[in-house]
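These notes concern the structure reproduced below.
Read-outs throughout are calculated quantities, based only on the coordinates presented, and are distinct from any laboratory measurement. In this text, all values refer to a predicted model and were calculated from it rather than measured experimentally. FYI the Cβ positions are ideal-geometry reconstructions off the backbone, even for glycines, and counts take in every protein chain you see.
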Amino acid sequence: MGVLGRIREGLARTTQQIVGRFEEIVARADAPDVRSTPLGGDTIEALEELLISADVGLPATERIVEAVRDRERRGESLRDLVKSELRAVFTDTASPAPDGQRPHVVLIVGVNGTGKTTTVGKLASLARSSGEQPLICAADTFRAAAVEQLEIWAARAGVDIVRAREGSDPAAVVFDAISSGKARDRSPILVDTAGRLHTRANLMSELEKIRRVAAREVNGAPHEVLIVLDATVGQNGLTQAREFMGAAGVNGVVLTKLDGTARGGVAVAIAHDLKLPIRYVGVGEGIDDLVPFSADEYVDALFDQSW
């Protein structure tokens with residue numbers, strides 16, 4: 001199954017929740033006798049409620065509705081307008097351009113329970129399937145269980161892992177992993193940091209130290225800082241991300257558990273409110289259930305009528 005199929009599969013619950021109501025709104029708005037006229041207040045209100053119920057978020061909903069109000073001048077159907085505005089939200093974000101540095105260092109950050117450690121294993125598997133030779137760094141040295149879980153995922157992905165004793169300095173583990181990556185020509189280096197509450201200043205300071213060590217060892221590192229957000233927590237994930245953006249230099253998002261929510265529109269809210277690109281989405285629990293995000297395929301899947 002291709003990426004489109006996987007994203008559509010992950011959005012099944014959201015699509016089932018909204019597609020029927022969206023089709024009713026479109027049927028009223030795009031009828032031949034009303035298509036060239038301003039939309040009625042009841043139609044606008046129904047569209048607003050639909051988007052908010054899917055967790056698109058108020059700011060992004062207001063942007064979409066403003067474009068819909070201008071429909072008469074633009075001459076587009078409601079369906080095309082909504083989809084084009086959704087695509088435009090994602091176009092406003094940009095993924096970091098590869099700079100060719102090796103090893104390519106990726107920090108994975110986020111709070112406990114989002115699926116962060118699991119994501120590291122899935123990213124390693126995805127990189128390996130693309131012909132790369134990734135190396136996992138277990139920089140969460142506070143919880144032995146986290147390292148053990150990561151070792152299991154590393155074995156599943158068929159990649160090596162650098163770890164240290166429980167309680168070791170996480171920045172020192174990152175230094176060792178980068179040194180190992182250089183010596184063995186491994187890239188990317190995927191660094192699993194400790195799941196931390198964004199209110200704990202000492203742990204945020206530790207994350208800043210990890211970034212300094214990485215930058216000293218490889219020019220431009222960390223090249224990516226991906227925050228893992230749980231789609232099932234909705235708008236609360238945006239609050240988490242904002243706290244990490246300053247301390248961690250987050251420049252991308254991994255949205256997990258997309259298949260576990262009927263409010264998958266949160267991807268729109270993330271892109272619109274945070275101006276961060278969504279790099280990957282989790283669509284299941286298996287090692288291959290992390291796929292690169294595609295805005296076009298996401299928008300098409302969101303309003304697919306085949307479910």
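Using a Förster distance of 22 angstrom, determine the FRET efficiency expected from the C-beta separation of residue 44 and residue 88, and round it to 0.05.
Details: r = 19 Å, r/R0 = 0.87.
Efficiency, rounded to the nearest 0.05: 0.70.
For the chain, rounded, prolate or oblate, judged on the Cα gyration tensor with a ≥ b ≥ c (square roots of eigenvalues), a/c < 1.5 rounded, else prolate if a/b > b/c? Don't skip to the end; give the middle numbers.
On the way: a/c = 2.46, a/b = 2.23, b/c = 1.10.
In terms of gyration-tensor shape, prolate.
Give, in nm to one decimal, the length gained when the segment between residue 80 and residue 62 is fully stretched (0.36 nm per residue of separation minus the Cα-Cα distance). Can you show the working numbers first?
On the way: separation 18, 0.36 × 18 = 6.48 nm, distance 1.68 nm.
Difference between extended and current length: 4.8 nm.
222 nm [θ] for the chain, helices only, -39500 (n - 2.57) per DSSP H run of 4+, per residue, to 500?
Details: 13 runs with 159 residues, N = 307.
Result for the chain: -16000 deg cm²/dmol, rounded to the nearest 500.
Distance cut-off 22 Å, Cα to Cα: go down the list 182/257; 116/209; 122/275; 182/275 and report the pairs above it. Intermediate values should be presented prior to the final figure.
Values: 182/257 34 Å; 116/209 20 Å; 122/275 25 Å; 182/275 33 Å.
Correct reply: 182/257; 122/275; 182/275.
Work out the FRET efficiency for residue 165 and residue 285 from their Cβ-Cβ distance, taking R0 = 45 Å, and round it to the nearest 0.05. Walk me through the numbers before you get to the answer.
Details: r = 30 Å, r/R0 = 0.67.
So, using R0 = 45 Å, E works out to roughly 0.90.
For the range 140-196, what class follows from the C-alpha gyration tensor (a ≥ b ≥ c being the square roots of its eigenvalues): rounded when a/c is under 1.5, otherwise prolate if a/b is larger than b/c, else oblate? Working shown, then result.
Values: a/c = 2.10, a/b = 1.22, b/c = 1.73.
Here the range 140-196 falls in the oblate category.
State, to one decimal in nm, how far the label point of residue 145 lies from the label point of residue 235, with both points 7 Å from Cα in the Cβ direction.
Between residue 145 and residue 235, the simple spin-label model gives 3.2 nm.
With the contact rule set at Cα under 8 Å and sequence spacing of 6 or more, what percent relative contact order holds for the range 105-250? Spell out each step's value before the answer.
Numbers: 262 pairs, mean separation 51.5, N = 146.
Result for the range 105-250 is 35 percent.
For the range 105-250, give me the percentage of DSSP beta bridges that are antiparallel, rounded to the nearest 5 percent.
Working: 1 of 16 bridges.
The answer is about 5 percent antiparallel.
If you place +1 on the Cβ of every Lys and Arg and -1 on the Cβ of every Asp and Glu, how big does the dipole about the Cα centre of the range 43-178 come out, in debye to the nearest 20? Please list the in-between numbers first.
On the way: 16 positive and 21 negative charges, 81 e Å.
Here the range 43-178 has a charge dipole of around 400 debye.
Would you pull out the residues with amide H under 5 Å of residue 160's amide H, same chain only if 5 or more places away, H placed 1.01 Å from N?
Amide H neighbours of residue 160: 136.
Going by amide H atoms built from the backbone, whose H comes under 5 Å of the H on residue 109, apart from near neighbours?
Excluding prolines and chain starts, which carry no amide H, the hits are 226, 227, 228.
Taking Cα pairs under 8 Å and at least six residues apart, what relative contact order does the range 198-307 come out at, in percent?
21 percent
Once you keep just the Cα pairs under 8 angstrom separated by 6 or more residues, what percentage relative contact order results for the chain?
Relative contact order for the chain comes out at 29 percent.
Apply 1/(1 + (r/R0)^6) to the Cβ-Cβ distance of residue 24 and residue 184, taking R0 = 41 Å, and write down the FRET efficiency to the nearest 0.05. All intermediate terms of the calculation are to be shown ahead of the outcome.
On the way: r = 58 Å, r/R0 = 1.42.
Efficiency computed from Cβ-Cβ geometry: 0.10.
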